[in-house]
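Below is one structure, written out as structure tokens; the observations come after it.
Please treat every number below as a calculation from the coordinates, not as lab data. Treat the numbers as computed from the prediction; the structure is a model and nothing was measured. So basically every Cβ, Gly included, is an ideal-geometry build from the backbone, and we count neighbours across all protein chains shown.
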Amino acid sequence: MFTIVSLDEVPLRANLKCDPERAIELREEHEENILPGYHMNKQHWNTLVMDGCLDPKLILELIDHSYDLVVSGLTKKLKEELENL
């Protein structure tokens with residue numbers, strides 16, 4: 001799992017996995033829109049509040065980063081299965 005999105009909330013919120021050091025930097029830089037992961041391990045997850053204030057490029061970069069972190073932790077067999085989808 002690399003993201004959890006709440007479709008019932010306005011503004012939209014998404015939990016994304018993140019490198020712990022980068023998570024802290026992002027929270028400090030965007031303290032209104034990047035928060036510790038809601039109901040998640042606060043060290044490894046951030047909640048993005050998508051109210052139009054975050055640069056869409058940053059959001060896409062963080063989605064990719066989250067996905068890459070999860071894939072890097074998969075077993076070799078699961079990585080091969082994923083590549084064959």
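L7 meets each of the listed conditions (1) closer than 30 Å to E83 by Cβ; (2) in contact with a strand residue (DSSP E or B) (Cβ under 9 Å, 6 or more places away or on another chain); (3) of a type outside the set (K, R) apart from (2).
If only residues of the stretch 37-69 that are more than 15 Å from R13 (Cα to Cα) and touching a helix residue (DSSP H, G or I) at 6+ places or on another chain (Cβ under 7 Å) are counted, the one that is surrounded by the most Cβ atoms within 10 Å (Cβ to Cβ) is H44.
Of the residues making up the stretch 61-76, those that are closer than 14 Å to C18 by Cβ and assigned to a helix (DSSP H, G or I) number 11. The set of residues in the stretch 1-13 that are of a type in the set (A, V, I, L, M, F, W, C), touching a residue at least 60 places away in the same chain (Cβ under 8 Å) and either assigned to a strand (DSSP E or B) or surrounded by 15 or more Cβ atoms within 10 Å (Cβ to Cβ) (or both) contains only F2.
Contact annotation: residue pairs with Cβ atoms under 8 Å, 6 or more positions apart or on different chains, pairing a residue in the stretch 54-77 that is more than 19 Å from I34 (Cα to Cα) with a partner that is assigned to a loop (DSSP other than H, G, I, E, B) and aliphatic (A, V, I, L, M), are V70/M1. Scanning the stretch 14-34 for residues that are under 24 Å from G73 (Cβ atoms) and surrounded by 17 or more Cβ atoms within 10 Å (Cβ to Cβ) yields a total of 9. Pairing residues of the stretch 19-38 that are under 15 Å from E61 (Cα atoms) with residues that are crowded, with 17+ Cβ neighbours inside 10 Å and charged (D, E, K, R), at Cβ distances under 8 Å and at least 6 apart in sequence or on separate chains, gives I34/R27. Condition check: of a type in the set (A, V, I, L, M, F, W, C), within 13 Å of the chain's Cα centre (by Cα) and within 24 Å of L74 (Cα to Cα). Does V5 satisfy that? The answer is yes for V5.
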